[in-house]
Amino acid sequence: MANPPRKIVHVDMDAFYASVEQRDDPKLRGRPVVVAWKGARSVVCAASYEARRFGIRSAMPALRAERLCPSAIFVPPDFTRYKAVSKQVREIFARHTDLIEPLSLDEAYLDVTVTKTGLPSATHTAEAIRRAIREELHLTASAGVAPNKFLAKIASDFRKPDGHYVVRPEQVDAFLAKLPAAKLPGVGKVTSQKLESMGVTTVEELRGIELPVLEARFGRWGRRLYELARGIDESPVRTERPATQLSAEDTFEQDLLLDELTPFIELLAEKVWARLLREEGRFARTVVLKLKTADFRVLTRSLTTPTGPRSLADLVAIAKELTHRVDQPKGTRYRLVGVGVAGLEDVGPFTQLELFDDR
Ligand SMILES: [Mg+2]
């Protein structure tokens with residue numbers, strides 16, 4: 001059986017950098033604002049909607065923007081501030097789902113097929129997100145809701161600024177048919193021209209071309225074109241790679257002997273175990289012991305077992321065992337000890353119970 005349709009939201013902040021500047025400086029509100037560094041080679045990072053009315057666009061040379069609108073206010077970009085706001089936006093997303101794929105500071109895909117809030121539809125979720133951004137951050141965002149990423153991204157552009165557009169699974173065909181083929185992701189100038197030479201300007205016309213013809217003309221990319229024209233895009237929302245290791249370490253005030261390390265190892269193991277438990281549903285096969293000698297040599301010893309440590313006591317026992325494999329001369333002193341787990345993996349719900357059933 002085919003998977004049930006996914007619900008993907010693409011959220012795109014409206015004129016993000018310029019909007020942050022206007023929000024934070026009332027003098028800029030309602031004025032044409034261009035975010036760009038000064039200088040002959042500088043390009044526009046963002047333009048407020050007032051500036052766009054003069055034809056100013058992102059990535060345009062700043063000098064050209066100045067010519068188009070001499071009264072525009074130029075503001076140098078402040079990425080530290082934009083990043084901080086971007087983080088706040090992501091925190092709003094995270095109330096609804098953990099499946100977040102940021103594309104840049106001002107755009108992200110969200111998989112809301114299953115949400116934390118239990119809102120009745122992806123449309124409600126998108127609306128709740130936009131409302132929170134407006135009320136809490138005093139900024140606006142646009143959203144596209146669709147069964148996959150590329151359609152959601154095209155849709156978010158449809159009611160910009162401060163709007164949203166929904167493409168339901170049964171609307172995909174009609175939605176795509178009337179679009180220019182150039183709207184499909186990856187179709188730039190070159191592909192557009194090739195398609196035009198084949199008599200194709202709309203997605204509907206693209207659908208009229210057989211797969212072998214597209215493959216002959218575009219190689220591997222031909223199949224992707226064929227699928228995009230039919231609204232097929234299975235690419236998942238990719239979250240940032242989760243950590244594959246966790247560790248904690250301690251540097252001593254005075255260098256210690258190997259058999260004086262035990263209390264520190266226990267303490268560090270406890271910290272690591274607590275963090276591992278927070279990585280719900282994940283376990284680690286490998287335990288790592290790290291030592292730094294008084295003369296700054298770093299030694300690591302590790303043990304990998306099929307199940308890894310199953311409890312804190314296990315973790316402590318393995319870490320202590322590893323101290324017996326530290327083959328340094330008696331009397332060697334250490335300035336640091338670390339305990340870690342590595343090779344973190346996801347486990348299924350069954351194994352998870354077995355592993356974390358609080359023993
Ligand atoms: Mg944007």
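For the chain, adding -39500 (n - 2.57) for each run of n ≥ 4 DSSP H residues and dividing by the number of residues yields -11000 deg cm²/dmol at 222 nm.
Other residues lying with their Cβ under 14 Å from the Cβ of A122 contribute a combined charge of +4, Lys and Arg counting +1, Asp and Glu -1. Averaged over its residues, the chain has an accessible area of 54 Å² per residue, based on protein heavy atoms and a 1.4 Å probe.
Taking a Cβ cut-off of under 10 Å around T323, the surrounding Lys, Arg, Asp and Glu residues balance to a net charge of +1, with basic ones at +1 and acidic ones at -1.
Averaging the Cα positions of each part gives two centres, and for the stretch 143-212 and the stretch 1-54 these lie 23 Å apart. Annotation for the stretch 34-85: chymotrypsin sites (Phe, Trp or Tyr not before Pro) lying in DSSP loop with at most 14 further Cβ atoms inside 10 Å of their Cβ are W37.
With both labels modelled 7 Å from their Cα along Cα-to-Cβ, the L256 to Q88 distance reads 4.4 nm. Just the protein heavy atoms count here, and of the accessible area of the stretch 141-215 at 1.4 Å, carbon and sulfur take up 53 percent.
Note on the chain: with a GNM built from Cα contacts shorter than 10 Å, the maximum mean-square fluctuation among R275, R217, R23 falls on R275. Residue-wise HN-Hα couplings along the stretch 157-171, as the Karplus relation 6.51 cos²θ - 1.76 cosθ + 1.60 with θ = phi - 60° gives them from phi, are 7, 6, 10, 6, x, 6, x, 9, 9, 10, 10, 7, x, 6, 9 Hz; Gly and Pro carry x. With a cut-off of 14 Å between beta carbons, the residues surrounding P212 carry a summed charge of +1, where Lys and Arg count +1 and Asp and Glu -1. With the gyration tensor restricted to C-alpha atoms of the stretch 245-356, the semi-axes of the equivalent ellipsoid amount to 28, 12, 11 Å, longest first.
For the chain, a Kirkwood radius taken over Cα pairs fed into Stokes-Einstein (10 °C, viscosity 1.306 mPa s) yields D = 64 µm²/s. Within the stretch 1-141, antiparallel bridges make up roughly 80 percent of the DSSP beta bridges whose residues both belong there. In this structure, the pairs whose alpha-carbon distance is over 30 Å, taken from K116/K183; K87/K160; K160/K189, are K116/K183. Given a 1.4 Å probe and the protein chains as shown, E234 ends up with an accessible area of around 140 Å².
The values are calculated or read from the model by the stated rules, or taken from the named source; none is laboratory data. As the structure is a prediction and not an experimental result, all values here were calculated from the model. All Cβ positions, even for glycine, are placed from backbone atoms using ideal geometry, and neighbour counts span all protein chains on display. Side chains are part of the model used for accessible areas, which takes the heavy atoms of the whole protein and leaves out ligands, DNA and RNA. Shrake-Rupley method; radii C 1.70, N 1.55, O 1.52, S 1.80 Å.
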